[in-house]
Amino acid sequence: MLRPYGEEMKRMWTWIAIAVGAVVVLVCVGLSVMAGSPKDAIQMVRYALPYMHRGDLKVGDRVPDVQLVALDGQSRFPLRERMTGRPLVLVFGSFT
Amino acid sequence: MGDVEKLYDDYKDHADFLTIYIREAHPIDEWKMRSNDKDKDDVCYVQPKTLEQRVAIANDFTKRFKYTLPFAIDDMNNAANDAFAAWPERLYIVEETGTISYKGGNGPFNYDPNEVRAWLAKRYGEVKAPAAEPQKSAEPAAVEKKS
C-alpha cells in the first residue's frame with residue numbers, strides 16, 4: 001500500500017538522521033579509544049590534528065636548509081652546517 | 001629518547017646526529033597526558049610562547065636528563081617543523097650528499113628508531129657500544145614547570 005509522499009520523506013529524513021548520528025557516535029567512540037578518553041579525544045582534535053602532516057619531503061629530495069637556534073638561545077646556524085661528510089641522523093621531537 | 005641515545009652511542013663514530021627540539025606535543029596547557037606527571041616521566045612543561053621559553057625548556061630537559069646528543073632548537077616560526085612535517089616526532093637520515101635517504105613515520109605510532117638502526121647497520125655493520133653508564137636519574141626541574 002502506498003504511503004503519502006510527506007510520510008515517505010519524513011521516514012527518509014529520520015533514517016538519514018539516525019545514520020548520521022550513528023556515524024558521529026562511532027567516530028567519537030573511535031577517537032576516544034584511540035586517544036584514551038573522550039576528553040583526550042577532544043584535545044587531540046583541537047591540538048594534535050592541526051599539526052600532524054605527512055609533508056611533501058620524500059626520499060631523494062634535497063634536505064631543506066632551515067635555520068636553527070643553538071642551546072645558548074643566541075646563536076643560529078643553518079642545518080647543512082652540521083653535515084660533515086657523513087650521514088646525518090635528524091631526531092625531531094619534544095619532551096612531553 | 002632512550003632508544004635514540006643508544007643509537008647515538010652505537011653509531012656516533014660513523015654518522016652525525018642532531019636532535020631538533022620542536023613544539024611540545026603534550027604540554028600541560030594543551031593536551032596533557034597522564035604520562036606527563038611527576039610519578040611518570042615528570043615532564044610538565046607549558047607550550048612555549050617565546051623563544052626564550054623554548055630555549056629554557058630545552059636547557060632544563062637536557063640538563064635534567066643528561067641528554068647527550070647534539071642539540072638544536074626550532075625557531076618560533078616553526079620553520080624546521082613545517083619543512084620536515086616533524087610534529088610530534090619523526091626521524092630522518094640525510095646522506096653525505098645532502099639528499100634525504102630515510103624518512104620515518106610520524107610518532108608516536110610510526111616512530112621507529114630501529115629502522116634507523118637497520119639503515120646504519122646495513123652501511124656500517126651492527127655496532128654495539130660498550131656497556132651503558134649507570135642509570136641516569138632526573139634532577140628536579142629548574143624552569144617552566146608546573147606540577
task: Can you confirm whether region B:69-82 contains a residue that is within 19 Å of A:VAL59 (Cβ to Cβ) and in contact with a strand residue (DSSP E or B) (Cβ under 6 Å, 6 or more places away or on another chain)?
output: yes
The residue from B:ASP60, B:ASP39 that alone is farther than 25 Å from A:LEU49 by Cα, in a loop (DSSP other than H, G, I, E, B) and modelled with pLDDT under 90 is B:ASP39
Region A:49-96: strands (runs of 3 or more DSSP E) wholly inside it with 2 or more residues that are facing chain B (nearest Cβ under 7 Å) are A:67-69, A:88-93
In the set A:VAL59, A:VAL25, A:VAL66, A:VAL20, the lone residue that is at pLDDT 80 or above, exposed (fewer than 15 other Cβ atoms within 10 Å of the Cβ) and closer than 30 Å to B:THR99 by Cβ is A:VAL59
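This table checks each residue for (1) of a type outside the set (Gly, Ala, Ser); (2) more than 8 Å from chain A (Cβ to nearest Cβ); (3) more than 21 Å from A:LEU79 (Cα to Cα); (4) touching a helix residue (DSSP H, G or I) at 6+ places or on another chain (Cβ under 6 Å).
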| residue | (1), (2), (3), (4) |
| --- | --- |
| B:GLN47 | yes, yes, yes, no |
| B:VAL55 | yes, no, no, no |
| B:ALA58 | no, no, no, no |
| B:ASP74 | yes, no, no, yes |
| B:ALA80 | no, no, no, no |
| B:ALA83 | no, no, no, no |
| B:ARG90 | yes, no, no, no |
| B:VAL94 | yes, no, no, no |
| B:ILE100 | yes, no, no, no |
B:TRP31 vs (1) out of contact with any helix residue (DSSP H, G or I) (no Cβ under 6 Å at 6 or more places or on another chain); (2) without any contact (Cβ under 8 Å) to a residue 40 or more places away in the chain; (3) assigned to a loop (DSSP other than H, G, I, E, B): all pass except (1)
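Of all residues in region B:63-74, count the ones that are in a helix (DSSP H, G or I) and surrounded by fewer than 17 Cβ atoms within 10 Å (Cβ to Cβ).
From region B:63-74, those in a helix (DSSP H, G or I) are B:63-64; that's our starting set.
Of the ones still in play, those that are also surrounded by fewer than 17 Cβ atoms within 10 Å (Cβ to Cβ) are B:63.
The qualifying residues number 1.
The values are calculated or read from the model by the stated rules, or taken from the named source; none is laboratory data. Here the structure is a predicted model, which is why all the values come from computation and not from measurement. Note that each Cβ is placed from the backbone with ideal geometry, even for glycine, and that neighbours are counted across all protein chains shown.
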